[in-house]
Protein chains: 2
Amino acid sequence: MLHVIERALSLRSSYDHSFAVEVYEDISDPGLIGWIKRHVGERTALVVTTPTVNRLYGTHIQKSFDYAGAKPEWIVLKCSEEKKKLEYVERVCLAASHAGLDRRGVLISLGGGVCSDIVTMASSMLRRGISHLRIPTTLIGQIDAGVGIKGGVNFGAHKNYLGCYHPPEAVAIVPSFLATVGSNGIRQGLAEMIKVACTSDVILFEQLERARPGEIESWVSSGDRRARELIVRSISAILCELERNPFERSGYERALDFGHTLAHPLEASTNYKLHHGFAVAIDLAFSALLAQGLGWLDAGSCRRIIGALTSSALPLWHEHLSLDFIRDAFRASAKHRGGEINMTLPTSIGTYAFLKREQQCSPGLIESILRSLRQLESQRSDGDLDLPSRACATKFPGAFVTQIKVAELP
Amino acid sequence: MLHVIERALSLRSSYDHSFAVEVYEDISDPGLIGWIKRHVGERTALVVTTPTVNRLYGTHIQKSFDYAGAKPEWIVLKCSEEKKKLEYVERVCLAASHAGLDRRGVLISLGGGVCSDIVTMASSMLRRGISHLRIPTTLIGQIDAGVGIKGGVNFGAHKNYLGCYHPPEAVAIVPSFLATVGSNGIRQGLAEMIKVACTSDVILFEQLERARPGEIESWVSSGDRRARELIVRSISAILCELERNPFERSGYERALDFGHTLAHPLEASTNYKLHHGFAVAIDLAFSALLAQGLGWLDAGSCRRIIGALTSSALPLWHEHLSLDFIRDAFRASAKHRGGEINMTLPTSIGTYAFLKREQQCSPGLIESILRSLRQLESQRSDGDLDLPSRACATKFPGAFVTQIKVAELP
């Protein structure tokens, strides 16, 4: 018998937040000093940084904090994807406790995506959530990990299995940090740039493909104005996408998941020796070929995507890829995306659709794509793959397409 | 030189949530089966419970899940305040991972406040937040810990230092669980009931003080209709308070913090051997006497509060209390409540004000209150304190009031 409820008991809650991403010339930029003054000032604060950033910029940025009248405590954490675990979040919490951070205190991540992931999660937990600021020092941090609202750590074999949505109070982008990032780091960031360009900003994509191979990398390293434009444009595109569905509550069809279905299990399968951006590049290449194989994407656009990746010297293939691997990745994705794979596939430059179920692509199609990717990679290694970065590529090996039986759409 | 921002980059996000607390007759109540069907159904699910609850109710409630067509995995966790640590949250996350919980999966806490604290925190972290349900089995769980939106664990000497705001999807209250809670558990719940009655529901307070000593405890144990009314009334008052400021973002002056300024460090100082509800009772007694000493509360109302506590056989004193302890607690509170102590003090039954700064109460006042509390406790232990539970108490030892120099208010 249903017990009659004496009165309606319920609790309604609402949480609004907004933050700004601001771009500054360099570490000494008075604008940045003002930003520190505004957001840190006399609050109790803890900077979390990495050994490399600390060595290269520690003294300099401590001076900037001094000028701003801020006296944060400072810890150096060896951040790497293998170490992105709850244990490291606890270390930051312990340091915050030792530093006497109060509820209006603030954590500041001064490092790459792993550093901001750990700091975001620690700040979400400390006293049930304190503020955090981000000063990303890598390209992937500046255009992707550092401007979103998520934090997370790996758990067992699951990448980012534990995490939070905890928006930063503010983000400062200083492109001059990228002078010391190195080729690997920059290319990883370019993979994320190609991703967001492909789904959300045709003009950005055209800017990327118009550059000569290696050119963007050199702009980024040298602090060229053109690099800064690409960075700002990428951030703008990402924020625009995030704002549509910041907590992923209005569905699991997300443009920003392009390149992020195989990437996570692929990284995990190498115990994170394969870096995130490279795994994303491989996933983007697979996705482009799958979209073409399904008849969702024309050959020209597929070539443009592969072209943009190879022009940035990004990988297209990894030995761990196999039919079984892809199927497992699809299942893991469905577990995480509301029961359907929801793999973002390009349908042209600037548009996309979602692969929902495994049955939509036959084993033959997947195997054919894997063969093609391996072939593309080996041609490139041999120097045979002279993919122009513009749409009119002619030398692209399209043979795989004829081997494919396009699965019927439901 | 301030770098001119190419375009305004910002991200706005908003999160709305509401949940219902529903009250059911007993574990076999078809309403509860319907609730399970609605909220669990065929979702991947994990029940987290305690050894005692599992022994007493495990088989029975598993049947209820069966009837509802739900097939949750089940883990038994030895929950206690000493064990309320991040490690236990990790254990739940691991069990959720083994149980194959997907993003639409759900955790169910079937236990007391510690169990729901751990489960709330685990569900806030799993895949950056999955749903959780609560079926609280203790009085403190049913009227306090289980109906809020917080979860948390202790960290070093700090109670609830790490935590989250993560509202449950729904809460089911089954007062018949309380038949097996035992006197200690019920009295702890009564401390929270007295707390919320005192700040927020005069009628509830009158109902509590009208009962004979020990009477409410026996109503609760026997499942008396009057106990259910008190429970529903308490939940209603708490939800009403929470809804004003669910994320504690619009300030740190909270009615619900009454009895929660000394309580947390006091519990921690005993390594959680002193249970939460008892620490709250001691804090309530201190607060009432402090309010009277400050001239904020009349002697009659102070007596009524002390009377309600003693009538429920709640403690008023602990040997760890001292002037230094109180001062440290004030400082810890200020760290947690935006720089000011914000200790909730009653100004009558149904109204309250906030102690902001240590300077508002002299060391002499605090020492005098501590002496009075010790005296009250020893009188009660000797059976001398025959405090009537109604407002017209005459035997209340009011001597301490004359020893007090009321500090000047700022």
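The values are calculated or read from the model by the stated rules, or taken from the named source; none is laboratory data. Computed from a predicted model, the values in this text were never measured in an experiment. All Cβ positions, glycine included, derive from the backbone under ideal geometry; neighbour counts span all protein chains shown. Side chains included, ligands, DNA and RNA excluded: accessible areas come from the protein's heavy atoms. Shrake-Rupley method; radii C 1.70, N 1.55, O 1.52, S 1.80 Å.
Observations, loosely collected:
- Segment B:56-80, residues that are open to solvent by 50 Å² or more (accessible area, probe 1.4 Å), part of a helix (DSSP H, G or I) and within 23 Å of residue B:277 (Cβ to Cβ): B:56
- Search result, residues across segment B:329-363 that are part of a helix (DSSP H, G or I) and open to solvent by less than 40 Å² (accessible area, probe 1.4 Å): B:329, B:330, B:333, B:334, B:360
- Sole exception among (1) surrounded by 21 or more Cβ atoms within 10 Å (Cβ to Cβ); (2) touching a residue at least 40 places away in the same chain (Cβ under 8 Å) for residue B:233, by number: (2)
- Of all positions in segment A:182-197, at least one carries a residue that is out of contact with any strand residue (DSSP E or B) (no Cβ under 9 Å at 6 or more places or on another chain), at pLDDT below 95 and either crowded, with 20+ Cβ neighbours inside 10 Å or assigned to a loop (DSSP other than H, G, I, E, B) (or both).
- Only one of A:179, A:172, A:145, A:157 that is of a type in the set (Gly, Ala, Ser) and closer than 24 Å to residue A:288 by Cβ: A:145
- Failed item in (1) over 18 Å from residue B:172 (Cβ atoms); (2) in a loop (DSSP other than H, G, I, E, B); (3) open to solvent by 20 Å² or more (accessible area, probe 1.4 Å), with residue B:16 passing the rest: (2)
- Scanning segment B:307-317 for residues that are buried (at least 24 other Cβ atoms within 10 Å of the Cβ) and over 17 Å from residue B:215 (Cα atoms) returns a single hit, B:316.
- Annotation note: of A:324, A:328, the sole residue that is within 14 Å of chain B (Cβ to nearest Cβ) and either in contact with a helix residue (DSSP H, G or I) (Cβ under 6 Å, 6 or more places away or on another chain) or modelled with pLDDT of 95 or more (or both) is A:328.
- Entirely in segment B:202-262, the helices (runs of 4 or more DSSP H) that have 1 or more residues that are closer than 21 Å to residue B:135 by Cα, out of contact with any His (no Cβ under 7 Å at 6 or more places or on another chain) and within 14 Å of another protein chain (Cβ to nearest Cβ): B:225-244
- Some residue of segment A:278-286 being open to solvent by 10 Å² or more (accessible area, probe 1.4 Å), modelled with pLDDT of 95 or more, under 23 Å from residue A:211 (Cβ atoms) and assigned to a helix (DSSP H, G or I): yes
- If the condition is being within 25 Å of the chain's Cα centre (by Cα) and at pLDDT below 65, then segment B:353-389 contributes only B:389.
- Residue tally, condition over 24 Å from residue B:106 (Cα atoms) and within 10 Å of chain A (Cβ to nearest Cβ), over segment B:137-159: 4
- Pair list, Cβ < 7 Å and 6+ apart or interchain, from segment A:114-140 residues that are closer than 16 Å to residue A:97 by Cβ to residues that are part of a helix (DSSP H, G or I) and open to solvent by 10 Å² or more (accessible area, probe 1.4 Å): A:118/A:88; A:127/B:336
- Residue B:238 surrounded by 16 or more Cβ atoms within 10 Å (Cβ to Cβ) and either within 20 Å of the chain's Cα centre (by Cα) or farther than 19 Å from residue B:285 by Cβ (or both): yes
- Qualifying positions in segment A:263-277 - part of a helix (DSSP H, G or I) and open to solvent by 20 Å² or more (accessible area, probe 1.4 Å): A:264, A:265, A:268, A:269, A:276
- Residues of segment B:19-41 classified as among the β-branched types (Val, Ile, Thr), out of contact with any strand residue (DSSP E or B) (no Cβ under 7 Å at 6 or more places or on another chain) and crowded, with 18+ Cβ neighbours inside 10 Å, total: 2
- For segment A:160-173, residues that are surrounded by 23 or more Cβ atoms within 10 Å (Cβ to Cβ) and more than 8 Å from chain B (Cβ to nearest Cβ) total 4.
- Segment B:25-41: number of residues that are part of a loop (DSSP other than H, G, I, E, B) and either in contact with a Ser or Thr (Cβ under 8 Å, 6 or more places away or on another chain) or at pLDDT 95 or above (or both): 6
- Test set (1) surrounded by 22 or more Cβ atoms within 10 Å (Cβ to Cβ); (2) in contact with an Asp or Glu (Cβ under 8 Å, 6 or more places away or on another chain) - residue B:123 fails condition number: (2)
- Among residues of segment B:84-120, those that are open to solvent by less than 10 Å² (accessible area, probe 1.4 Å) and either more than 8 Å from chain A (Cβ to nearest Cβ) or under 17 Å from residue B:39 (Cβ atoms) (or both), counted: 17
- A Cβ distance below 7 Å, combined with a sequence gap of six or more or placement on separate chains, defines the contacts here; from segment A:178-204, residues that are within 27 Å of residue A:345 (Cβ to Cβ) reach residues that are part of a helix (DSSP H, G or I) and hydroxyl-bearing (Ser, Thr, Tyr) in the pairs A:186/A:221; A:193/A:234; A:196/A:234; A:204/A:234.
- For segment A:134-144, the count of residues that are in contact with a strand residue (DSSP E or B) (Cβ under 8 Å, 6 or more places away or on another chain), over 26 Å from residue A:259 (Cβ atoms) and either modelled with pLDDT of 95 or more or of a type in the set (Gly, Ala, Ser) (or both) is zero.
- Hey, residue A:67 out of contact with any Asp or Glu (no Cβ under 7 Å at 6 or more places or on another chain), of a type outside the set (A, V, I, L, M, F, W, C) and under 21 Å from residue A:167 (Cα atoms) or not: no
- For first residues located in segment B:12-41 and more than 7 Å from chain A (Cβ to nearest Cβ), partners that are open to solvent by 40 Å² or more (accessible area, probe 1.4 Å) and hydrophobic (A, V, I, L, M, F, W, C) and lie 6+ apart or on another chain with Cβ distances below 8 Å form the pairs B:34/A:2.
- When the criteria are applied in full, residue B:53 meets the requirement of being touching a residue at least 12 places away in the same chain (Cβ under 8 Å), part of a helix (DSSP H, G or I) and more than 13 Å from chain A (Cβ to nearest Cβ).
- Of the residues in segment A:131-154, not one is surrounded by fewer than 21 Cβ atoms within 10 Å (Cβ to Cβ), over 21 Å from the mean Cα position of the chain (by Cα) and not in a helix (DSSP H, G or I).
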